1. What residue, among those in the stretch 254-280 that are among the β-branched types (Val, Ile, Thr) and in contact with a Leu (Cβ under 8 Å, 6 or more places away or on another chain), is nearest to residue 190 (Cα to Cα)?
2. Does the stretch 274-281 include one or more residues that are out of contact with any helix residue (DSSP H, G or I) (no Cβ under 8 Å at 6 or more places or on another chain) and either at positive phi or among the aromatic types (Phe, Trp, Tyr) (or both)?
3. Every residue in the stretch 46-65 that is part of a loop (DSSP other than H, G, I, E, B) and surrounded by 15 or more Cβ atoms within 10 Å (Cβ to Cβ), please.
4. In the stretch 305-329, how many are assigned to a loop (DSSP other than H, G, I, E, B) and either closer than 23 Å to residue 50 by Cβ or in contact with a Cys (Cβ under 7 Å, 6 or more places away or on another chain) (or both)?
5. Only one of (1) in a strand (DSSP E or B); (2) farther than 18 Å from residue 175 by Cα; (3) at pLDDT 95 or above fails for residue 92. Which number is that?
6. Just to be sure, is residue 118 surrounded by fewer than 19 Cβ atoms within 10 Å (Cβ to Cβ), at pLDDT 95 or above and either of a type outside the set (D, E, K, R) or under 22 Å from the mean Cα position of the chain (by Cα) (or both)?
7. For the stretch 39-58, give me each residue that is more than 25 Å from the chain's Cα centre (by Cα) and of a type in the set (Asp, Glu).
8. Within the stretch 323-336, track down each residue that is closer than 18 Å to residue 346 by Cβ and surrounded by fewer than 23 Cβ atoms within 10 Å (Cβ to Cβ).
Amino acid sequence: MFFQAEGVMASLSFIRTLTAAAAAALVLTGCGTPDPHEPTELQSIHEVVKTDKEWTASVGESLTGLLAPAVTEDTVYAAGGDELYAFELATGRRLWKTDVGSDVTAGVGTDGSLIAVGTASGDLKVYDTAGKLLWSVRLTSEMSVPPLIGSGFVIVRTTDTRVTAFDAVTGERRWHYQSQVPALTVRAPAQMRFSPAGVLVGQANGRLLALNARGETVFDAVIAQPKGTTEVERLVDVVGAPMVDARMMCAAAFQGNLVCMSSQNGRLVWNTAVDAVTGPVSDGMNVYIVDADGIIHAYDYATGRTVWTNSDLKYRTPSAPAVMGNTLVVGDYDGEVHILDAASGEIVGRTSVSGAVKVPPVSLGNRVLIQTDEGHIAMVAPRE
């Protein structure tokens, strides 16, 4: 699964951060004044794809508004406030909930056997599938992204830029990696992903690393290079989650590029300039991404050629897309959920949820699972 490609390629006390939207606003205005752009007013659409909410649930608001559910074969794990929940995937029936003891700030991560979250008190907490706490460890700072669980490790990334791997059974620390970062960063830390090259970790300096089973760097790719003279102009954080499949791995950077490489040897396949605020998503036909203005781009999977762009959601801070059959699902700041035709980019359906959709919906084949910043969860599917 990972840690297969060894040899593929050759402490901060305070880090100032901006949300991706705030950073984009500063860059657009060229100063510290608010973004002057009003969200694009939604236009009426020809609704080709009608959707239903198969089930809904509520887990409560989170401190960050950036918590995402994790899904296994038959269970959904989600967090809100200071509680962790399990729901039946098919029906949404709540199976259990447990008090974590502090507000959850990062999660949820699972491998189907273990469930892990990070808390505002700086703790990593690992549970079994019945909601029983197995072990807990105090971290160097709060976790910033959902943990990864696999190959006998629970791997976390904290706000002090440290990546740490713990033994999944005992909680003992196995290794850690820490890099230096610019003084100002985008507070939309790149999520980690398993890949054939190792654990992919996006950096605030515009680089994408792969770490092996000992925490050693075995892959180091430049996604973007800083330009300009001010700290804001030089922001090039790798954003969102890298996209990994059997053939390619892609990553994107704020004020930088979308870069796609071979999953097997790291060789560049194609790259294109884009001011990204989300990670890339692919359906095997195209690679999709959202830029700082809220414009959605589709690039040909094999060549990187622009297939289409959609500006209907400009300045509405759309989430990264999720694939739902032959469509894409994108949520926005106002709780509107938009269904786009993947081939043309046209909006062909729309529904709504309670709260802003700040994290990508979870793709489940012909359905998607959405969690909002208010802790509203909805399973959305095309109407049959």
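1. In this case the residue turns out to be 259.
2. no
3. Listed by number, the residues that qualify are 49, 59, 60, 61, 62, 63, 64, 65.
4. 8
5. Only one criterion in (1) in a strand (DSSP E or B); (2) farther than 18 Å from residue 175 by Cα; (3) at pLDDT 95 or above is unmet by residue 92, namely (1).
6. Taking the combined requirement at face value, the residue does not satisfy it.
7. 41, 47, listed by residue number.
8. Within the stretch 323-336, 323, 325, 326, 332, 336 meet the criteria.
The values are calculated or read from the model by the stated rules, or taken from the named source; none is laboratory data. Just so you know, these numbers come straight off a predicted model, no measurement behind them. Quick reminder, even Gly has a Cβ in these numbers, built from the backbone with ideal geometry, and neighbours come from all protein chains shown.
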